[in-house]
Amino acid sequence: MTTPFRAGFACLVGRPNAGKSTLTNALVGQKVAITSSKPQTTRHTIRGIANTEAGQLVLVDTPGLHKPRTLLGERLNDLVRETLLEVDVIGFCLPADQRPGPGDQFIAAELAELQRARRRPVVALVTKIDKVDKQRLAEHLIAVDQLGSWDAIVPCSATRGDQVAEVAEVLVSYLPESPPLYPEGHLTDEPKAVMIAELVREAALEGVRDELPHSLAVVVEEMVPREDRPEDNPLLDVRVNVFVERQSQKAIVIGRGGARLREVGTQARTQIEALLGQRVYLDLHVKVAKDWQRDPKQLQRLGF
């Protein structure tokens, strides 16, 4: 008897900075979701596609579920809830180096409610196990077990690659029998402009103060091939606007004499060229959109 092939959608949830994006990238085997040491960096549901012998796992990465303080926060939570209703299996990420806290209890309660309303398998994924010793890990696994009713618990380390294949195997086992949903070699169905915007945001977030992650929005204004270039050496002109909420934040992103923005441009361009497989001229502009997180019109204009 051959094992039937399975394909479907999995959603990774967890509070901000629980390792969801890093795990998505490890499962896919390539960078499709932005990662940052700053919490709350993911704003779009990014689909990464992980292919195994047993099945095809389409990963939907979401913002961290959190108690919202702004209109943006409320919209991000709504986005997560909508996504949870549409997937086949949910992976709840709980980092091993932090004890389960109020944020995790809030998510566990949301998931319990979802399980009651519409049965969905939930797998507890204990991330970042490379950061703790065996004793601490054992204590954490017991605490996670007591937090809710999980279909399985899988410890893993996305950065070290420990048990990443097992995570894929367990998640795939809960998918429906189905032929592949995407052709082989397909890694994400995100539009290129969205991924470019995310890569610029990631570069802009590195090394800036804690107040900026929520205040940064990035919009790709245009992507046009440079005219009169030889066919074997094309160049793509990419114009990108980085929006902040206050003039003081604009100064932080630009840096002294524009040094910080040049650094951001260099880092982002390298990643964008790797993504597109061609040379890119990246034209970055920083603009102020006053208090955009609280303004419905501006949120819509910036794609939320």
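For the reader, a short list of remarks on this structure follows.
- Scanning region 142-159 for residues that are surrounded by 14 or more Cβ atoms within 10 Å (Cβ to Cβ), part of a helix (DSSP H, G or I) and among the β-branched types (Val, Ile, Thr) turns up just one, VAL144.
- Filter result (open to solvent by 70 Å² or more (accessible area, probe 1.4 Å) and of a type outside the set (Val, Ile, Thr)) within region 260-295: ARG262, GLU263, GLN267, ARG269, ALA274, ARG279, TYR281, HIS285, LYS287, LYS290, ARG294
- Within region 259-270, residues that are closer than 15 Å to GLU198 by Cα and touching a residue at least 24 places away in the same chain (Cβ under 8 Å) sit with their Cβ atoms under 6 Å from residues that are part of a helix (DSSP H, G or I) and open to solvent by less than 80 Å² (accessible area, probe 1.4 Å), at 6+ positions apart or across chains, in these pairs: VAL264/ALA203; VAL264/ALA204; GLN267/ALA203; ALA268/LEU199; ALA268/VAL200; ALA268/ALA203.
- Extreme residue, modelled with the lowest pLDDT, among residues of region 225-254 that are assigned to a strand (DSSP E or B) and open to solvent by 60 Å² or more (accessible area, probe 1.4 Å): PRO225
- The condition of being within 22 Å of VAL58 (Cβ to Cβ) and touching a Lys or Arg at 6+ places or on another chain (Cβ under 6 Å) does not hold for CYS156.
- Which numbered condition GLU221 fails, given (1) surrounded by 14 or more Cβ atoms within 10 Å (Cβ to Cβ); (2) within 27 Å of LEU76 (Cα to Cα); (3) in contact with a strand residue (DSSP E or B) (Cβ under 6 Å, 6 or more places away or on another chain): (1)
- Filter pass, ALA108 being under 22 Å from GLU198 (Cα atoms), modelled with pLDDT of 85 or more and buried (at least 18 other Cβ atoms within 10 Å of the Cβ): no
- Residues in region 83-113 that are of a type in the set (A, V, I, L, M, F, W, C), outside any loop (DSSP other than H, G, I, E, B) and touching a strand residue (DSSP E or B) at 6+ places or on another chain (Cβ under 8 Å): 9 in all.
- Condition broken by SER215, with the remaining ones in (1) over 20 Å from LEU76 (Cβ atoms); (2) under 19 Å from the mean Cα position of the chain (by Cα) satisfied: (1)
- Within region 96-105, at least one residue is buried (at least 18 other Cβ atoms within 10 Å of the Cβ) and modelled with pLDDT of 95 or more.
- For region 80-95, filtered to residues that are surrounded by 16 or more Cβ atoms within 10 Å (Cβ to Cβ) and among the aliphatic types (A, V, I, L, M), the residue that is nearest to VAL154 (Cα to Cα) is LEU94.
- Enumeration of residues in region 122-153 that are in contact with a Ser or Thr (Cβ under 9 Å, 6 or more places away or on another chain) and under 22 Å from LEU59 (Cα atoms): VAL122, THR127, LYS128, ILE129, ALA152
The values are calculated or read from the model by the stated rules, or taken from the named source; none is laboratory data. Source: prediction; values computed, not measured. Reconstructed Cβ throughout: ideal geometry from the backbone, glycine too, with neighbour counts over all protein chains shown. For the accessible areas, the whole protein counts, side chains as well, though only heavy atoms, and no ligand, DNA or RNA atoms are used. Shrake-Rupley method; radii C 1.70, N 1.55, O 1.52, S 1.80 Å.
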